[in-house]
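Read the structure below first, then the notes.
The values are calculated or read from the model by the stated rules, or taken from the named source; none is laboratory data. These figures come from a predicted structure and were not determined experimentally. Because the Cβ atoms are built from the backbone with ideal geometry, glycine has one as well, and the counts that use them run over all protein chains shown.
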């Protein structure tokens, strides 16, 4: 594994690794950039075939958190934890306690939160051994599940894209295809349904898709066919790299705007979308609502303030779209430039 080569690829930074034999914890904490403040980002708990895959996931995700925080105006750097889920039997409480001690040893340099494969209950276990955790229950002074805020921000981002590309001020009657209807995806579907959107959904878990059909009247597409659905907006809300050489040629929509992290398999896929005339909402710009929400916990949670800041994702996306059209550049390049401008300002003490 070329550790330093991978770090150079993603312009790092720090990588911290921990192993606890008693609990079978194997954890990677990637800290990309702390110019704006201590690193903040969730802990992902998934099975990985190879350690290198877990490392690359952590590196890509933490870099995305730096960009997400900068674009959202949050005074935090980007960090991410990846916990390799054991394949056999394990004690979940003991494992997350061990991870909490690992986070505590970093002394506030990294603040953790919920992510794919983790839950509010896991955050409560971590909270028992460190204060450097967000997304804990409201009874303990936290904000609870951040998924509704992520979904709210994505809905606002979709509205901005629809305004720019379709000239519409509302979503009523539009058709949105949603890939992945887990925590965030289901909340997004509800946001869209309440505004009169026709929904088509797909998920690897048929029960989740069925729930969206039953509760929200969504049509269900086979998971392998969701990229072929003719619609106004495709919303990737599953794991990353959904936009790639195989899927982009199949798209039959003018807009791609969803909640998933790292939607572009490679940066060049953002160019491919632009060349095809498809408006892409950069993932770290549109899905910042959850981060905005948990960042409020660090300074004393205020739900009204978190909501107000999340709603401003509309303005951010509209600015990205307008700059892209004016400069004739892909939206992901425009968003990157906006982030680099803010980081440069902080470096100059502005």
*Return the residue satisfying two criteria in turn: it lies in segment 92-117 and is modelled with pLDDT under 95 and in a loop (DSSP other than H, G, I, E, B), and of such residues it is surrounded by the fewest Cβ atoms within 10 Å (Cβ to Cβ).*
117
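For every residue, the table says whether it meets (1) free of Cβ contacts under 8 Å to residues at least 24 places away in the same chain; (2) over 27 Å from residue 309 (Cα atoms).
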position	(1), (2)
65	no, no
89	yes, yes
100	no, yes
124	yes, no
134	no, no
137	yes, no
140	yes, no
_Residue in segment 1-29 that is nearest to residue 73 (Cα to Cα), counting only those that are modelled with pLDDT under 90 and loosely packed, with under 14 Cβ neighbours inside 10 Å_ = 11
*Hey, can you tell me all the residues within segment 160-192 that are part of a helix (DSSP H, G or I) and over 20 Å from residue 290 (Cβ atoms)?*
162, 163, 164, 165, 166
_Residue within segment 30-49 that is surrounded by fewer than 19 Cβ atoms within 10 Å (Cβ to Cβ), modelled with pLDDT of 95 or more and not in a loop (DSSP other than H, G, I, E, B) present_ = yes
*Some residue of segment 239-250 being at pLDDT 95 or above and within 19 Å of residue 320 (Cβ to Cβ)*: yes
_Please count how many residues of segment 125-150 are outside any loop (DSSP other than H, G, I, E, B), out of contact with any strand residue (DSSP E or B) (no Cβ under 9 Å at 6 or more places or on another chain) and within 22 Å of residue 95 (Cα to Cα)._
2
_Single condition residue 273 does not satisfy, out of (1) out of contact with any helix residue (DSSP H, G or I) (no Cβ under 9 Å at 6 or more places or on another chain); (2) under 21 Å from residue 318 (Cβ atoms); (3) not in a loop (DSSP other than H, G, I, E, B)_ = (1)
*Among the residues of segment 1-22, how many are touching a residue at least 40 places away in the same chain (Cβ under 8 Å) and over 17 Å from residue 104 (Cα atoms)?*
10
*What about residue 157, is it touching a helix residue (DSSP H, G or I) at 6+ places or on another chain (Cβ under 8 Å), closer than 30 Å to residue 9 by Cβ, not assigned by TED's automatic domain parsing to the domain that holds residue 48 and not in a loop (DSSP other than H, G, I, E, B)?*
yes
*Could you list, in sequence order, all residues of segment 338-350 that are under 22 Å from the mean Cα position of the chain (by Cα) and touching a residue at least 12 places away in the same chain (Cβ under 8 Å)?*
338, 339, 342, 343
